[in-house]
1. What is region 1-45 by shape, rounded, prolate or oblate, if you read a ≥ b ≥ c off the alpha carbon gyration tensor as root eigenvalues and call it rounded for a/c under 1.5, prolate for a/b larger than b/c, and oblate otherwise?
2. Sort 190, 222, 100 so that the residue with the fewest other Cβ atoms within 10 Å of its own Cβ comes first and the one with the most comes last.
3. Classify region 81-190 from the C-alpha gyration tensor, please: rounded if a/c falls under 1.5, else prolate or oblate depending on whether a/b exceeds b/c.
4. Using the count of nearby Cβ atoms within 10 Å as a rough guide to exposure, how do 97, 138 rank from fewest to most?
5. How would 170, 137, 126 line up from fewest to most surrounding beta-carbon atoms within 10 angstrom?
């Protein structure tokens with residue numbers, strides 16, 4: 001078991017074995033997001049997801065999950081603080097703060113095992129889904145906090161419409177606007193939450209609430225990030 005320290009923040013990421021898809025549909029992505037919420041609890045298990053699905057004819061969505069949250073809110077004991085998330089077809093990124101002893105290790109074990117079991121059953125596959133253990137990079141200062149926020153929330157979705165965005169950055173204002181508009185509409189990252197468009201039940205922005213007390217300040221940050229050398233970030237943040 002890796003040693004994570006309470007109070008420290010880590011960039012967590014992993015991808016499919018042999019770079020294979022880990023999300024073959026939007027339904028898979030929603031299932032993973034639901035797991036982010038439900039597994040972030042000392043007492044939760046995959047049985048909760050199955051119960052919600054069973055009680056609702058095999059369907060699960062965020063309206064059902066919100067109803068569960070209202071009933072379950074007072075009994076929750078989060079293992080970690082999830083500050084950012086982004087799902088891509090063959091990998092995912094999370095920014096997580098350790099708030100309980102062994103919280104990250106316990107949370108990621110439940111999340112990885114639960115999702116892999118779901119995916120293998122759904123697609124009739126066997127074997128490991130992820131490329132070994134998840135990677136973890138400690139975030140040590142405010143500059144890294146801003147870099148990793150821009151990388152996860154903007155660069156990753158942006159690469160779906162410009163694959164070489166990380167290497168080349170943006171060439172002109174139109175390209176920047178196209179990327180920002182795409183990231184704004186991308187449901188499987190926390191960019192819409194930081195823009196104030198959506199209020200996720202999964203994340204707790206933590207220290208980012210001090211950096212970006214209003215959505216307009218975050219929006220200015222994203223523009224400056226793309227216009228600057230922000231795309232050429234510390235290689236530890238990138239999933240090659």
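Computed from the coordinates by the stated procedures, all read-outs in this text should not be read as laboratory data. Since the model is a prediction, treat every value here as computed from it, not as a measurement. So basically every Cβ, Gly included, is an ideal-geometry build from the backbone, and we count neighbours across all protein chains shown.
1. Judged from the Cα gyration tensor, region 1-45 comes out oblate (a/c at least 1.5, b/c at or above a/b).
2. 100, 222, 190
3. Oblate, since a/c reaches 1.5 and b/c is not below a/b.
4. 138, 97
5. Sorted ascending by nearby Cβ count, the order is 126, 137, 170.
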